[in-house]
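To start, the structure under review is shown below, and the notes come after it.
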Amino acid sequence: MKTSTAFRLLSVSCLFLMLSLNAGAGQLTLDYTFDCPQVTTVKIGDTLYHRVILEGATNGGPVGSPALPATGAQILLPLGSEVMSVEVTGGERVLLGSDLLVEPVGLPYRLMDGPESAALPTPDESIYGSADSYPAANFEEIGAQSFRGYQILVLRLQPVDYIPATGELFYSPNLRVVVETEETDNVPALLRGFEGDASEVRGRVDNPKVVGSYEAAGTRGTRAYELMILTTDALAGSFAALKTYHDGQGLATEIHTTTDVGSNDPAAVRDYIRNAYLNDGIEYVLIGADDSIIPAQDLYVDSLAGYTESDMPGDIYFGCLDGTWNEDGDGNYGEPNDGAGGGDVDLLAEVFVGRCAAKNTTEVDRFVTKTIWYLSGSHNQPAEVLLVGEYLGFGGISDYAAATLEELEDGASTHGYTTVGIPTADFTVTEMFERDMSWSQSTLATAINNGVHILNHLGHGDNQYAMKFYNSDVLSQLDNTELLFLYSQTCLAGHHDGTDCWAETMNVKTDHGAFGLVMNARYGWGDYNTTDGPSQRFNREFWDAVFEESMPEVSKANQDSKEDNLYRINEPCMRWCTYELNLFGDPAVAIQGAEVTGMRVTPRDSFDTQGMSGGPFSPSNKVYTIENMDATAIDYTVSKTQSWVDLSSTGGLLPGGGSTTITVSINPGADSLGNGMYSDTISFTNGTNHDGDTTRTVNLQVGVATEQH
């Protein structure tokens, strides 16, 4: 997900109470700034409400509460520390208006429901009748999460508040986050110390300099291989061809069985994966059997929209390896208090997971053949994308799926956030929308049989039904030799823990259909008269990961779609979607046409800094990581244009698969600048083949910026 310039991290300071960099007790201070929100009117039923729009922040909250903007913060804790307290201060609030009636958060609906289920968003009178400010706090502490041993505090920042009784609406232009930490003897159990892990963390946290504190822990294990295929003795032989292919392409692969594990129990399987992650450095896991043979962990989840599920089959459990996911011992895995110390469960993945839901060697052979076919670049129509949208019947713009799916074409900047979508400059996108045309099963079968690379669907479904096809129709009507990748928001078609579901049929029950799918194990979710349904948020972030965040591997994109929404995990249906979205396919498969080659520079955001005339300026520097995604060395250069900017290096030779860091700093030359906004452009150039050439902007605010309202 792109970060809008309307929401910026201005400065970071780390005040440790001990001299060593990994001292546990100390303070982290981060400043965030927000542009002035816009207030518009929207009619819902017969009532005229006010809608608050803040770019870079999404509207949400509990059902019936005022829909107010919020955004996420990810703050890396120093090695050897834990959170003692969090304080967020906002300074003087700005009044945006009075006598306003802010629109309420709607109740999400199941995509399998009929039109009669759609209901107008209704205010919760216990909130709307109150004279208290809502929300009561300007932040929500989601909790301390762990990614490969790096401890990351996740917050939901809430810069806008509302007093329903008076209709007064306020916002805070700046929020200062102060995290007090205390020393702990707990060594992160999953810290490997790989440079690749550190690079990943730098790209995802708001204070990347703290990554250096983890260097003191050293390294653990080696990268013996990258992909584990975990199957049974009976099926192992059929995966040999896939192992051979991956090995030949440089992705070291090993086949392990439940005999090696000693059990097919999900907890035992997860422990085995954890050991391989720590000692052998694995990146991917392919669960090589149906749920009846290697079961997923049944997870408990409350949708916060009227439905609960106690046996959600979530393969995310095999990827997020911290804790037990059942700390309270009640057998309901995945509850929000099932993490360490009664906190949330681990939702940042150490490894990336897919499943071959096969019951026998015939189905494994089929899966392997289809996967190798795609990996070998055999698709004759790689540019063909088909968006398939049905009539939903839930009112207004969400009566049909069309407007929701259109947000996937070249991306969208709607509902407070921006995502990059499927680029129409590189792919031919065809729409099959019931809003615009009548289409039948045979219409879609003809289109698929003629050749499609990517298919994205939104419509009704069941465990053996999707896109107007029953399982039997898949077997009888599809004869496509150009296999496709399918993402669908439909209900239950990924229900792989019972009778053979629709996703399994498309993947392992036919030689045709799909080489990979991401589908829901239970219900997909939409909302009344909006394209901002819960399931759509994950769908948008999936393609953003593929085409913007350099994650063409389908397992990484699926997991990233969940992590980009982590600050919203306690909103209706967001945890539900996080648990139920499973990949049916090889986790190492990358979408052709989106592979990252050449040079990659992370993070992708600008270097924003500020201070009064004469300095100092905070933050004083920003670290960018350059990675060579090719197998052969490249010459790279880094340049700038302004004298008040320094670079730690201006270039060099980067070996294949290697990485390095560049620190961009503000030097004393900036002290003489007068009040105003100054900028520079940092150019990163791949001098060998110019694959990955890119730029980053430096924004220096001297003095106090003038607010525009």
Taking only pairs six or more apart or across chains, which ones have beta-carbon atoms under 7 Å, a first residue in segment 84-103 that is polar (S, T, N, Q), and a second residue that is at pLDDT 95 or above and surrounded by 11 or more Cβ atoms within 10 Å (Cβ to Cβ)?
Ser85/Glu180; Thr89/Arg176; Ser98/Thr166; Ser98/Gly167; Ser98/Glu168
So, in segment 99-121, of the ones that are farther than 25 Å from Arg522 by Cβ and out of contact with any Phe, Trp or Tyr (no Cβ under 7 Å at 6 or more places or on another chain), which residue ends up surrounded by the most Cβ atoms within 10 Å (Cβ to Cβ)?
Pro104
For segment 49-151, list the strands (runs of 3 or more DSSP E) that sit wholly inside it and hold at least 2 residues that are not polar (S, T, N, Q); which are they?
68-76, 81-89, 94-97, 139-147
State all residues of segment 185-199 that are outside any loop (DSSP other than H, G, I, E, B), modelled with pLDDT under 90 and hydrophobic (A, V, I, L, M, F, W, C); if no residue qualifies, say none.
none
If a residue has to be over 13 Å from Tyr624 (Cα atoms) and assigned to a helix (DSSP H, G or I) to count, how many in segment 200-221 make the cut?
7
With criteria (1) more than 12 Å from the chain's Cα centre (by Cα); (2) within 24 Å of Pro336 (Cβ to Cβ); (3) of a type outside the set (Phe, Trp, Tyr), Arg568 comes up short on (1)
Within the set of pairs 6 or more residues apart or between chains, which connect a residue that is closer than 14 Å to His246 by Cα and of a type in the set (Ser, Thr, Tyr) inside segment 362-384 to a residue that is assigned to a helix (DSSP H, G or I) and modelled with pLDDT of 95 or more with Cβ atoms less than 7 Å apart?
Thr371/Leu242
Of all residues making up segment 679-698, the number that are over 28 Å from the mean Cα position of the chain (by Cα) and under 15 Å from Val664 (Cα atoms)
3
Looking at segment 238-253, can you tell me whether even one residue there is within 28 Å of the chain's Cα centre (by Cα), at positive phi and outside the structural domain of Gly64 (by TED's automatic domain parsing)?
yes
Look at segment 496-517 and say how many of its residues are assigned to a loop (DSSP other than H, G, I, E, B) and closer than 23 Å to Glu553 by Cα.
4
If you go through segment 570-600, how many residues are aliphatic (A, V, I, L, M), surrounded by 22 or more Cβ atoms within 10 Å (Cβ to Cβ) and either under 23 Å from Ala296 (Cβ atoms) or in contact with a Lys or Arg (Cβ under 9 Å, 6 or more places away or on another chain) (or both)?
4
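Let's see how each residue does on (1) among the acidic types (Asp, Glu); (2) buried (at least 20 other Cβ atoms within 10 Å of the Cβ); (3) in a strand (DSSP E or B):
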residue	(1), (2), (3)
Val368	no, yes, no
Pro382	no, no, no
Phe394	no, yes, no
Asp436	yes, no, no
Trp439	no, no, no
Ala447	no, no, no
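The values are calculated or read from the model by the stated rules, or taken from the named source; none is laboratory data. From a predicted model like this one, the values you see are computed outputs, not experimental measurements. Neighbour counts run over all protein chains shown; Cβ positions are idealised from the backbone, glycine included.
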